[in-house]
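None of the figures in this text is laboratory data; all of them are computed from the coordinates on show. No experiment lies behind these values; they were computed from the predicted model shown. When we count neighbours, we look across all protein chains shown, and the Cβ atoms used for this are built from the backbone with ideal geometry, even at glycine.
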Ligand SMILES: [Zn+2]
């Protein structure tokens with residue numbers, strides 16, 4: 001766990017997404033939850049030393065960000081699309097995964113269910129707690145439903161998965177042109193520290209590098225479409241993995257993610273080029 005500002009703590013080493021919490025005079029606000037139940041219990045212990053969880057913000061609709069909600073109290077807040085996604089996700093699959101892979105985690109999920117948000121918003125929501133302000137803003141990119149959380153008193157932004165620090169970004173549900181705009185918007189906020197969805201905590205100057213990276217994915221796939229290549233040919237040709245930190249044991253997953261990224265971009269960029 002890292003303390004990244006006066007009252008903000010972050011864990012970047014759990015399996016799944018980065019999770020964080022902010023300690024206010026009136027209780028704790030969590031941003032996302034650990035994927036693994038065993039990690040959730042560790043996290044709960046650490047948070048308990050700082051206060052009671054009042055609110056829990058889920059920044060996006062993927063399971064690695066919300067599976068752990070079950071293990072925490074506090075009102076869950078998220079963008080409306082995230083609530084829909086959580087309700088539509090079947091908890092059986094994750095239970096089966098734990099059953100096969102991790103007895104320690106499986107032992108903790110007997111009565112497990114997902115806990116969807118009870119407070120939702122479409123574009124923006126501002127939460128005041130103690131002396132802290134939490135600006136929740138929907139910034140489409142990695143999915144249409146991403147939420148960035150800006151805490152001005154700490155000069156910290158939780159970017160969600162619109163920022164992957166040096167690690168391979170997932171674009172399987174991306175809205176790529178909106179993603180570029182969202183990164184530009186993040187650059188205008190006076191933060192000193194960014195907590196990305198995945199990868200290490202970083203400085204705001206990484207935003208332009210992230211933008212260049214997404215632009216490269218768009219340009220590479222667009223180029224294949226313009227040359228008249230089929231989806232299969234594009235999947236065969238494109239390899240951007242050298243740009244990212246990939247552990248040897250993650251190589252196979254990375255190859256699959258790249259294929260999903262190319263497939264999704266190919267389909268939507270082709271549709272966009274037909275509209276134009
Ligand atoms: Zn995600």
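In terms of surrounding Cβ atoms within a 10 Å radius of their Cβ, 92, 2, 155 rank from fewest to most as 92, 2, 155.
The distance between label points at residue 128 and residue 260 comes to 4.1 nm (points 7 Å beyond Cα on the Cα→Cβ vector). Taking Cα atoms only, the orientation of helix 176-187 departs from the longest principal axis of the chain by about 50 degrees.
At a temperature of 4 °C and a viscosity of 1.567 mPa s, determine how fast segment 2-208 diffuses translationally according to Stokes-Einstein, using the Kirkwood radius over alpha-carbon pairs as Rh; express D in µm²/s, rounded to the nearest whole number. Answer from the Stokes-Einstein relation: 77 µm²/s. Put the Cα centre of segment 9-64 next to the Cα centre of segment 90-140 and the gap is 10 Å. Helix-only arithmetic for the chain: the sum of -39500 (n - 2.57) across DSSP H runs with n ≥ 4, divided by the residue total, places the mean residue ellipticity at 222 nm at -11500 deg cm²/dmol.
Remark: the Cα gyration tensor places segment 165-276 in the oblate category, a/c being 1.5 or greater and a/b not exceeding b/c. For segment 1-79, DSSP calls about 65 percent of its internal beta bridges antiparallel. When 64, 13 are arranged by Cβ crowding within 10 Å, least crowded first, meaning fewest neighbours, the order is 13, 64. Count the DSSP beta bridges whose two residues both fall in the chain, then state the antiparallel fraction as a percent rounded to the nearest 5. Percentage antiparallel, nearest 5: 60. The label-point distance for residue 220 and residue 5, in a model that sets each label 7 Å from Cα toward Cβ, rounds to 3.3 nm.
Here the contact order of the chain, divided by its residue count and restricted to Cα pairs under 8 Å and six or more residues apart, works out to 14 percent.
Taking the C-alpha atoms only, the angle from helix 91-101 to the longest principal axis of the chain is near 90 degrees.
Helix 251-275 and the longest principal axis of the Cα set of the chain meet at an angle near 70°. Using 0.36 nm per residue and subtracting the Cα-Cα separation, the extra length available between residue 242 and residue 275 on full extension is 8.6 nm. Given their separation in residues at 0.36 nm each and the Cα-Cα distance between them, residue 107 and residue 15 gain 31.3 nm when the chain is fully extended.
Packing around the peptides 78-89, 212-223, taken as the average count of other Cβ atoms within 10 Å per residue, puts them in this order, highest first: 78-89, 212-223.
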